[in-house]
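Below you'll find the structure, written out as C-alpha coordinates, and then a few comments.
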Amino acid sequence: MWTVSGAVAAISWALRSSEPYQTAMQRAQAQPEVIAALGEPIKAGYFVQGNIGTQGSRGSADLAIPLSGPRGEGTLYVVGEQTVGKWHYELMVVR
(Lines give C-alpha, C1' and ligand atoms only; values in the text may rest on other atoms or scores of the structure.)
Protein backbone atom coordinates (compact mmCIF):
# COMPACT_ATOMS: atom_id res chain seq x y z
CA MET A 1 0.00 0.00 0.00
CA TRP A 2 1.35 3.42 -1.01
CA THR A 3 1.58 6.21 1.47
CA VAL A 4 1.65 9.87 0.56
CA SER A 5 5.30 10.14 1.61
CA GLY A 6 6.13 7.01 -0.40
CA ALA A 7 4.46 8.44 -3.50
CA VAL A 8 6.30 11.77 -3.10
CA ALA A 9 9.61 9.92 -2.70
CA ALA A 10 8.93 7.84 -5.82
CA ILE A 11 8.09 10.92 -7.90
CA SER A 12 11.13 12.77 -6.57
CA TRP A 13 13.37 9.81 -7.43
CA ALA A 14 11.93 9.63 -10.96
CA LEU A 15 12.57 13.34 -11.57
CA ARG A 16 16.08 13.21 -10.07
CA SER A 17 17.08 10.20 -12.15
CA SER A 18 15.96 11.80 -15.42
CA GLU A 19 18.39 13.01 -18.05
CA PRO A 20 17.11 16.64 -17.95
CA TYR A 21 17.63 16.82 -14.16
CA GLN A 22 21.07 15.20 -14.30
CA THR A 23 22.25 17.38 -17.20
CA ALA A 24 20.95 20.58 -15.59
CA MET A 25 22.61 19.83 -12.24
CA GLN A 26 25.96 19.03 -13.89
CA ARG A 27 25.86 22.28 -15.86
CA ALA A 28 24.79 24.39 -12.87
CA GLN A 29 27.51 22.93 -10.63
CA ALA A 30 30.15 23.71 -13.29
CA GLN A 31 28.93 27.23 -14.20
CA PRO A 32 31.28 29.93 -12.79
CA GLU A 33 28.44 32.45 -12.34
CA VAL A 34 26.37 29.98 -10.32
CA ILE A 35 29.38 28.99 -8.22
CA ALA A 36 30.15 32.67 -7.55
CA ALA A 37 26.56 33.35 -6.45
CA LEU A 38 25.89 30.24 -4.36
CA GLY A 39 29.36 29.00 -3.40
CA GLU A 40 30.49 25.38 -3.40
CA PRO A 41 29.29 22.76 -2.97
CA ILE A 42 26.03 23.40 -4.77
CA LYS A 43 23.33 21.00 -3.65
CA ALA A 44 19.83 20.33 -4.89
CA GLY A 45 16.91 20.66 -2.51
CA TYR A 46 14.57 17.76 -1.90
CA PHE A 47 11.35 19.08 -3.44
CA VAL A 48 11.82 19.27 -7.21
CA GLN A 49 8.76 20.76 -8.91
CA GLY A 50 7.53 20.20 -12.42
CA ASN A 51 7.06 17.29 -14.74
CA ILE A 52 8.73 15.11 -17.32
CA GLY A 53 6.76 13.16 -19.86
CA THR A 54 7.91 10.86 -22.63
CA GLN A 55 6.12 8.87 -25.26
CA GLY A 56 8.21 6.83 -27.62
CA SER A 57 11.13 8.95 -28.82
CA ARG A 58 9.45 12.26 -27.90
CA GLY A 59 9.14 14.01 -24.59
CA SER A 60 9.10 17.24 -22.65
CA ALA A 61 10.49 18.50 -19.37
CA ASP A 62 9.58 21.51 -17.24
CA LEU A 63 11.43 21.53 -13.90
CA ALA A 64 12.18 23.89 -11.02
CA ILE A 65 15.05 22.56 -8.91
CA PRO A 66 15.85 24.32 -5.63
CA LEU A 67 19.58 24.89 -5.16
CA SER A 68 21.65 25.94 -2.19
CA GLY A 69 25.26 26.63 -1.38
CA PRO A 70 27.21 28.28 1.43
CA ARG A 71 26.56 31.77 -0.02
CA GLY A 72 22.89 31.53 -0.92
CA GLU A 73 19.96 29.81 -2.54
CA GLY A 74 18.39 29.81 -5.96
CA THR A 75 16.19 27.85 -8.32
CA LEU A 76 17.35 26.07 -11.45
CA TYR A 77 14.69 26.23 -14.16
CA VAL A 78 14.82 23.69 -16.98
CA VAL A 79 12.58 23.47 -20.04
CA GLY A 80 13.36 20.97 -22.75
CA GLU A 81 12.02 18.75 -25.48
CA GLN A 82 13.08 15.28 -26.50
CA THR A 83 13.04 14.53 -30.21
CA VAL A 84 14.11 11.20 -31.66
CA GLY A 85 15.43 10.25 -28.23
CA LYS A 86 17.72 13.31 -27.86
CA TRP A 87 17.06 16.13 -25.36
CA HIS A 88 17.24 19.77 -26.50
CA TYR A 89 16.99 22.49 -23.85
CA GLU A 90 15.08 25.69 -24.51
CA LEU A 91 15.82 27.12 -21.07
CA MET A 92 18.31 26.33 -18.35
CA VAL A 93 18.75 29.22 -15.94
CA VAL A 94 19.41 29.79 -12.24
CA ARG A 95 17.63 32.64 -10.48
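Miscellaneous remarks
- Rounded percent of accessible protein surface that carbon and sulfur make up, the chain, 1.4 Å probe: 55 percent
- Residues of the chain: accessible area per residue with a 1.4 Å probe, Å²: 65 Å²
- The radius of gyration of the Cα set in the chain, together with its Dmax, comes out at 14.1, 45 angstrom.
The values are calculated or read from the model by the stated rules, or taken from the named source; none is laboratory data. Keep in mind it's a predicted model, so treat the numbers as computed, not measured. For accessibility, only protein heavy atoms count, side chains too; no ligands or nucleic acids. Shrake-Rupley method; radii C 1.70, N 1.55, O 1.52, S 1.80 Å.
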